[in-house]
Amino acid sequence: MSQISRIRGTNDFLYNDSRKLRYIEEILHKKSRIYNFEQIRLPIFEYTDLFQRGIGEETDIVSKEMFTFTDRGNRSITLRPEGTAGTVRAAIENSLLNERSINKIYYIGSMYRAERPQKGRYREFNQYGIECIGSDSPHTDAEIIALNLDILKTLSSNLNCEALSILNLEINTVGCEKCKPKYNDALSKQLASQKDKLCTVCQNRYDKNILRILDCKNEGCISILENVVKMYDYACDECKAHFNILCDALNKMNIDFNINPKLVRGLDYYTKTAFEIKSNYLGTQSALAGGGRYDNLIGIFNNGKQVPAVGSAMGIERLLIILEDSNFDNTIKNSIDIFVVLFKETSNVGIEIINKLRQKNVSVESDFNIRSIKSQFKTADKYNAKYALILGPDEVLDNKATIRDMNTGDETKVSFETLESVILSKLK
Ligand code: AMP
């Protein structure tokens with residue numbers, strides 16, 4: 001029978017990686033709390049319509065990357081490709097927007113996109129997303145950027161990761177419904193004579209979603225776009241002012257940034273601010289986090305009542321790739337307090353002692369298969385046990401046991417009455 005393997009583009013996070021994820025998640029929770037964001041947990045699948053209407057029919061995600069299926073009731077269902085549309089759906093459905101004028105939300109969860117898998121690009125991946133719904137202030141955009149960078153800086157210093165300390169924050173304005181059409185028009189006119197020189201994907205984008213041409217990676221397109229018109233020059237006064245205040249705020253917070261006039265994001269709903277945090281360490285999949293303002297998204301689901309919002313998402317697998325260049329493995333090394341070395345005759349006494357110690361929050365392991373003493377000590381080493389507690393048959397008859405310091409090899413004989421207190425004081 002052939003072996004069943006995991007689906008292409010998915011990952012198994014085994015012990016070590018899972019521990020790394022937990023470490024990162026703890027920082028995500030802690031930092032989110034410091035900036036007063038609250039966690040939500042939402043379904044992994046939603047009605048397809050949510051993403052079609054929210055993300056935009058012409059985007060790469062909706063047009064070719066969604067995992068969509070029909071359920072038994074003949075409804076079209078999609079595995080979430082991103083978290084913002086679901087967050088907005090949940091905020092409206094659960095009346096969060098009525099209860100608080102500003103909702104600061106975060107989520108950590110898996111997303112699904114049928115992309116061509118490669119390093120840093122998977123079909124199932126995890127994102128840390130933050131959304132601030134209800135504020136139109138550019139200072140909120142700055143706060144979102146600051147939270148992302150704060151997390152990355154903390155991980156970089158905790159884990160001694162140099163690669164994470166060299167990041168590039170790029171920002172741009174993509175305009176609003178008033179000025180975006182003017183820019184699109186100018187772009188379309190400028191590119192008209194060269195349309196047939198664009199790659200086939202961009203020729204299609206030219207008609208359907210011209211902004212997306214700006215971030216094409218095709219070399220021919222890149223050279224055609226070299227001196228392309230800039231959004232900022234076509235931005236309305238409100239969008240210009242918003243962008244300028246954002247730049248000021250970032251300067252005040254001592255956050256370095258580069259303005260990239262060609263930065264547009266893969267989702268249609270962005271207005272005004274777009275940003276990306278990039279790392280050279282990631283190669284072609286250089287974006288570690290990205291986001292922006294989406295003042296026109298909520299109205300789509302809220303009977304036309306617009307609520308301004310801004311958010312971002314960070315890719316956790318990409319973070320793990322950058323953290324390969326750190327002392328993460330040492331930081332998260334698992335260890336146990338005690339490994340109890342047993343003999344056949346002493347397993348019964350052993351289980352009693354093990355249970356008592358665990359009730360005192362001492363982490364204890366043993367090998368009830370009672371392999372040789374040598375292999376039991378090997379196992380103790382594998383688990384990085386601080387102490388071995390040896391329950392030899394003769395000693396047990398005497399109500400005694402031996403504690404061995406696994407680092408120094410020093411051994412002490414201890415009576416059962418004092419065993420617990422001796423162990424607890426050694427572990428202090
Ligand atoms: P997006 O939702 O496309 O704005 O992506 C936000 C972040 O999620 C990116 O900067 C990446 O770090 C991460 N990301 C997006 N797509 C993938 C993918 N297919 N595999 C792994 N990470 C991804």
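See the values below:
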quantity: Percent carbon-and-sulfur accessible area, segment 15-157, ignoring ligands, DNA and RNA, probe 1.4 Å; calculated: 45
quantity: CYS179 long-range amide H proximity, modeled H, under 5 Å; calculated: CYS236
quantity: Taking segment 363-428 and dividing mean pair separation by its residue count, relative contact order in percent (alpha carbons under 8 Å, at least six apart); calculated: 20
quantity: Long-range HN-HN contacts of THR273 with modeled amide H, under 5 Å; calculated: VAL174, ARG293
quantity: Under 14 Å, Cβ to Cβ, from SER18 - net charge with Lys/Arg +1 and Asp/Glu -1; calculated: -2
quantity: Counted charge near PHE51, where neighbours are those whose Cβ lies closer than 12 Å (Asp, Glu -1; Lys, Arg +1); calculated: -2
quantity: Inter-part distance where segment 99-126 and segment 236-299 are each reduced to a Cα centre, Å; calculated: 18
quantity: Segments 184-195, 42-53 sorted - mean Cβ within 10 Å per residue, highest first; calculated: 42-53, 184-195
quantity: The chain, helix-only ellipticity at 222 nm - DSSP H runs n ≥ 4, -39,500 (n - 2.57), divided by all residues, nearest 500; calculated: -11500 deg cm²/dmol
quantity: Karplus-derived HN-Hα couplings along segment 93-102 (A = 6.51, B = -1.76, C = 1.60, θ = phi - 60°), whole Hz, x at Gly and Pro; calculated: 4, 9, 6, 4, 5, 7, 6, 10, 6, 10
quantity: Using θ = phi - 60° and Karplus 6.51 cos²θ - 1.76 cosθ + 1.60, couplings along segment 330-344 (whole Hz; Gly, Pro as x); calculated: 5, 5, 9, 3, 7, 9, 10, 6, 10, 10, 8, 8, 10, 10, 3
quantity: Label-reachable residues, segment 185-216, where backbone N falls under 20 Å from a point 7 Å from ASP233's Cα toward its Cβ; calculated: 185-195, 210-216
quantity: Helix 347-359 vs. the chain, principal-axis angle (Cα, 0 to 90°, nearest 10); calculated: 50
quantity: Net charge of neighbours whose Cβ lies under 12 Å from the Cβ of SER335, counting Lys and Arg as +1 and Asp and Glu as -1; calculated: +1
quantity: The chain: most fluctuating residue of ILE171, ILE130, ILE92 per GNM, C-alpha cutoff 10 Å; calculated: ILE92
quantity: 10 Å-binned pair-distance histogram of segment 335-426 (Cα, whole percent); calculated: 18, 57, 25, 0
quantity: Cα Rg over Rh - the chain, Kirkwood; calculated: 1.11
quantity: Label point distance in nm, ILE44-SER421, each placed 7 Å from Cα along Cα→Cβ; calculated: 5.1
quantity: Using θ = phi - 60° and Karplus 6.51 cos²θ - 1.76 cosθ + 1.60, couplings along segment 217-231 (whole Hz; Gly, Pro as x); calculated: 9, 5, 4, x, 5, 4, 6, 4, 8, 3, 10, 6, 4, 9, 4
quantity: Selected from THR273, THR59, THR284 as most flexible by GNM, with the chain as the system and alpha-carbon contacts under 10 Å; calculated: THR284
quantity: In Å², nearest 10: area of SER76 left accessible to a 1.4 Å probe; calculated: 50
quantity: Accessible surface, per residue, of segment 216-302 when the full set of protein chains is kept, probe 1.4 Å, Å²; calculated: 46
quantity: For segment 202-342, diffusion coefficient by Stokes-Einstein and Kirkwood Rh (Cα), 25 °C, 0.890 mPa s, µm²/s; calculated: 132
quantity: Cross-link pairs LYS356/LYS426; LYS178/LYS230; LYS104/LYS278 - those with Cα-Cα distance over 22 Å; calculated: LYS104/LYS278
quantity: Amide H contacts under 5 Å for VAL340, placed H, 5+ residues apart; calculated: GLU365, SER366, LEU389
quantity: Residues in segment 74-116 reached by a label modelled at SER137 [backbone nitrogen below 17 Å; 7 Å Cα→Cβ]; calculated: 100-105
quantity: Accessible area per residue in Å² at 1.4 Å probe, computed on segment 335-426; calculated: 58
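The values are calculated or read from the model by the stated rules, or taken from the named source; none is laboratory data. This is a predicted model, so every value here is computed, not measured. Cβ coordinates were reconstructed from backbone atoms using ideal geometry, including for glycine residues, and neighbour counts include every protein chain displayed. Only protein heavy atoms, including side chains, enter the accessible area calculation; ligands, DNA and RNA are left aside. Shrake-Rupley method; radii C 1.70, N 1.55, O 1.52, S 1.80 Å.
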